[in-house]
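The values are calculated or read from the model by the stated rules, or taken from the named source; none is laboratory data. All values reported here derive from a predicted model rather than from experimental measurement. A quick note on method: Cβ atoms are made from the backbone with ideal geometry, for glycine too, and the neighbour counts reach across all protein chains shown. Heads up: the accessible areas ignore ligands, DNA and RNA and are worked out on the full protein's heavy atoms, side chains in. Shrake-Rupley method; radii C 1.70, N 1.55, O 1.52, S 1.80 Å.
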Amino acid sequence: MKTTFSLLFIICGLLCYSQYQNAVWHFGPTGAGIDFKNCSPTILTNGINNSIPYEGQASISENVSGNLLFYTDGANIYDSTNHIMQ
């Protein structure tokens, strides 16, 4: 029974994949960010957030690949190329 459970657990683990909706974070008034797509987090400095501290911020990435779709500083919404969206 232990062997069957262990094998089932290993097979399920191999078939699962991560979802990356929250893989890229942009935050802070300095345009800082973190990319979690790789094994170790990568520091980003290419954002253009102009947020005031304690203001709402969010970022949305693609489900499978984790590429940044858009992010907001609470006042403006920016696309993945840091241009303000309509």
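In segment 68-86, which residue that is of a type in the set (A, V, I, L, M) and in contact with a strand residue (DSSP E or B) (Cβ under 7 Å, 6 or more places away or on another chain) is modelled with the lowest pLDDT?
68
For segment 1-35, give me the residue count where each residue is at pLDDT 70 or above and open to solvent by less than 80 Å² (accessible area, probe 1.4 Å).
10
I'd like to check something: does segment 45-53 contain any residue that is modelled with pLDDT of 75 or more, closer than 14 Å to residue 25 by Cα, open to solvent by 40 Å² or more (accessible area, probe 1.4 Å) and within 10 Å of the chain's Cα centre (by Cα)?
No, segment 45-53 has no match at all.
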